[in-house]
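Asks: Here you go, one structure.
The values are calculated or read from the model by the stated rules, or taken from the named source; none is laboratory data. Nothing here was measured: the structure is a model prediction, and the numbers come from that model. Positions of Cβ are backbone-derived with ideal geometry, glycine not excepted, and every protein chain shown enters the neighbour counts.
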Amino acid sequence: KPDTQSYSAVIDAWSKSGSPLSTERAEYWLNVMEDKSNSGDFAVKPNARTYTNVINALRTGEKRTMGDEAEKVLKMMEDKYAKGDLESAPDIFTYSSVINVWGRSTSPQKAKRAWELIQRMKDNGLKPNT
């Protein structure tokens, strides 16, 4: 039976595929996981790796909005963690992935937003790895 690791691997494969559909497919599989886990199937509950893979898939999305979309996923993780979901805690890889998405964005705010994320990461006790 598929579990969190299986679904996360599928999302990871989409994030690395380079397909224009990768964002849509990654979000689809995340929604499947969330629906199942919200219905009591905790074997497929998304974790930090799952969410980070979805963020990585956003690199092929709409260039103007990809950074904002990545930050929405990060915010969702932070909110879940604040409510006690320890498996959703963003880590250094999560923040680095969001910063990477901002780097690919066409938003004129991308440098400012990436810098704010570095500060936020430090505020959360994480050291940048780049």
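Asks: Residue check: is Ala43 more than 20 Å from Tyr7 (Cα to Cα) and surrounded by fewer than 19 Cβ atoms within 10 Å (Cβ to Cβ)?
Replies: no
Asks: Restricting attention to the range 69-79, which residues are farther than 18 Å from Asp123 by Cα and charged (D, E, K, R)?
Replies: Once the filter is applied, which keeps residues that are farther than 18 Å from Asp123 by Cα and charged (D, E, K, R), the range 69-79 yields Glu69, Lys72.
Asks: Could you tell me whether Lys63 is out of contact with any Phe, Trp or Tyr (no Cβ under 9 Å at 6 or more places or on another chain) and either in a helix (DSSP H, G or I) or aliphatic (A, V, I, L, M) (or both)?
Replies: When the stated conditions are applied, Lys63 does not pass them.
Asks: Got a sec? Which of Asn129, Asn56, Asn124, Asn31 is closer than 14 Å to Ile11 by Cβ and either at pLDDT below 95 or surrounded by fewer than 15 Cβ atoms within 10 Å (Cβ to Cβ) (or both)?
Replies: The match here is Asn31.
Asks: So Glu62 fits all but one of (1) over 22 Å from Ala13 (Cβ atoms); (2) at pLDDT below 95; (3) charged (D, E, K, R); (4) loosely packed, with under 14 Cβ neighbours inside 10 Å; what number is the exception?
Replies: (1)
Asks: I'd like the full set of residues that are without any contact (Cβ under 8 Å) to a residue 40 or more places away in the chain, over 11 Å from Leu117 (Cβ atoms) and surrounded by 17 or more Cβ atoms within 10 Å (Cβ to Cβ), limited to the range 80-103.
Replies: Lys80, the sole residue that qualifies.
Results for (1) aliphatic (A, V, I, L, M); (2) in a helix (DSSP H, G or I); (3) more than 22 Å from Arg113 (Cα to Cα), shown as yes or no for each residue.
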| site | (1), (2), (3) |
| --- | --- |
| Met33 | yes, yes, yes |
| Ala57 | yes, yes, no |
| Gly67 | no, yes, no |
| Val73 | yes, yes, no |
| Glu78 | no, yes, no |
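Asks: Could you tell me which numbered condition Leu86 fails, if it satisfies all but one of (1) at pLDDT 95 or above; (2) over 19 Å from Gly125 (Cβ atoms)?
Replies: (2)
Asks: Read through the list (1) in contact with a helix residue (DSSP H, G or I) (Cβ under 7 Å, 6 or more places away or on another chain); (2) closer than 21 Å to Asn129 by Cα; (3) at pLDDT 95 or above; (4) surrounded by fewer than 22 Cβ atoms within 10 Å (Cβ to Cβ), then give the number of the only condition that Val10 fails.
Replies: Failed condition: (2).
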